Amino acid sequence: MSDAKTVRGPAIASRVGLLLGIAITICFVTGYLSFLIQHSHGWVPWPTRPVWLYSFTQGLHVITGVASIPLLLVKLWAVFPNLFQKPIIRSPLHAAERGSIAVLVGAMIFEVVSGILNAAQWYPWAFFFPPVHYAVAWVVVGALLIHIGVKLPEIRTALAEKEIDPARRTVLRTAWLATGIAVLVVAGQSVPVLRRVSVLAPRSGNGPQDLPINRTAAAADIGAAAQSPDYRLAVVGAGQEKSFSRIDLQLMAQTKATLPISCVEGWSASANWEGVTVRQLLDLVKAPQGREVRVTSLEKNGLYRATTLPADVADDPLTVVALRLNGAVLDLDHGYPCRLIAPARPGVLQTKWLSRIEVL
Ligand SMILES: Nc1nc2c(c(=O)[nH]1)N[C@H]1C(S)=C(S)[C@@H](COP(=O)(O)O)O[C@H]1N2
Ligand SMILES: [Mo]
């Protein structure tokens, strides 16, 4: 029997590394897209069809992120003795390569740990998650490019070898299996049929009206304003303003839309919404087409109390001020008296408890 010392090495490191590289690339690209949609304010065009597009890209982001954990562990195991080789520095190139590995491993561990804690909604750190997670992702990519650049000849030789000994084959099979299991336990938060096996999909099925909740009305301190008979939704056009009670909105022509909530944390759930399109309301204050629109919540504080709709989203026939959800009056926790729901948009931008819609 071969022992760990002889089984380790480039045959395993290169194959596991290849899959890890692919996972990291997909994870980076989908994460970067998500960042752009949230922060570019419309200058990066993001289509509104298919309506599940963001659920798909963000699901991929979380799945590839989780898949990279077992792959990283096997990869580290395969090269483990090399990490402590002496002398530590042999040449400038060697030093750069060793340095890039230290940075790569550290940054990757930071990304998966912070990503998983974020998905679990547990924030034991003092920094605001998205910008840090985003910045360290660039560090991962930079260090990865250096690492691949330096190792390319070795990777090529190792991958070209067709004969792999049985012990190594077993390690590789175990790595693929572990990765497959890791994917399955989280995939259920975006793929409904996998829900039953997804022990790590924390918020895929619960919540009133068959839809998970990210922030409850109590947590957002919405209080009485949402349920007051004096509630009005203000709609502001170019020089014209109108306000609508919930009954006013109910009496207008209703649009039905089946659209997902796709949280940046990776869970997504489709639901049937019913309400008035944003465009319908804008027409009532004679707001021209093709303008950005600011949507504000009753919520006083909180990072997600307001969002700007790019013009194409504001004018989309599926961008709805929802009054009903899955056949019943919208639950207070889902945004009663009314909430925004638009196609192919991150959940954080689907503002709940609306108070104002204003053309910019
Ligand atoms: N006003 C307001 N709207 C909000 C939020 C918030 O904190 N405040 N959270 C957002 C997030 S992160 C998500 S994923 C969705 C979740 O909607 P749901 O709770 O109805 O499923 O609401 C969004 N709308
Ligand atoms: Mo979210």
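Worth pointing out:
- Distance between the modelled labels on D283 and F80, one decimal in nanometres: 6.8 nm (7 Å Cα→Cβ projection).
- Among L159, G106, Q38 - extreme Cα towards positive end, dipole of the chain, charges at beta-carbon: L159
- Check: the stretch 4-194 dipole with +1 on Lys, Arg Cβ and -1 on Asp, Glu Cβ, in debye: 460 debye
- Given charges at Cβ of Lys, Arg, Asp, Glu: the chain dipole, positive-most of A234, A271, G59: G59
- Helix-only [θ]222 nm of the chain, DSSP H runs n ≥ 4, -39500 (n - 2.57) each, per residue, nearest 500: -15500 deg cm²/dmol
- Scaled against 2.2 N^0.38 Å for its residue count N, the alpha carbon radius of gyration of the stretch 208-359 is 0.94.
- Directionally averaged projected area (convex hull, Cα atoms, the stretch 24-123), nm²: 8.9 nm²
- Charge context of P288, other residues only, Cβ under 12 angstrom, K/R +1, D/E -1: 0
- In this structure, the pairs whose alpha-carbon distance is over 20 Å, taken from K256/K300; K256/K352; K242/K286, are K256/K300.
- Kirkwood hydrodynamic radius over Cα pairs of the stretch 4-194, then Stokes diffusion coefficient at 25 °C and 0.890 mPa s, in µm²/s: 135 µm²/s
- Gain on full extension, evaluated as 0.36 nm per residue between S40 and T157 minus their Cα-Cα distance, stands at 37.9 nm.
- The chain: Rg to Rh, with Rh as the Kirkwood radius over Cα pairs: 1.08
- With a Förster radius of 25 Å applied to the beta-carbon distance between S245 and D221, the computed FRET efficiency rounds to 0.65.
- Dipole size of the chain about its Cα centre, with +1 on Lys/Arg Cβ and -1 on Asp/Glu Cβ: approximately 740 debye, rounded to the nearest 20.
- Cα→Cβ-extended label distance, 7 Å offset, between H94 and I148, nm: 2.6 nm
- Measuring r between the beta carbons of N272 and Y32 and using R0 = 30 Å, the FRET efficiency lands at 0.40.
- Excluding ligands, DNA and RNA, the accessible surface per residue across the chain is 49 Å² with a 1.4 Å probe.
- Shown for the chain: the carbon plus sulfur share of the solvent-accessible area, taken with all protein chains present and a 1.4 angstrom probe, equals 66%.
- Across all directions, the shadow cast by the convex hull of the stretch 288-360 built on its C-alpha atoms averages 4.9 square nanometres.
- Highest to lowest packing among 233-245, 8-20, 53-65, 105-117, scored as the average C-beta count within 10 Å: 53-65, 8-20, 105-117, 233-245
- Modelled FRET efficiency - R0 56 Å, I164 with R294, Cβ distances, 0.05 increments: 0.45
The values are calculated or read from the model by the stated rules, or taken from the named source; none is laboratory data. It should be emphasised that the depicted structure is a prediction, and the values quoted were computed from it without experimental measurement. When we count neighbours, we look across all protein chains shown, and the Cβ atoms used for this are built from the backbone with ideal geometry, even at glycine. The accessibility values were calculated without ligands, DNA or RNA, using every heavy atom of the protein model including side chains. Shrake-Rupley method; radii C 1.70, N 1.55, O 1.52, S 1.80 Å.
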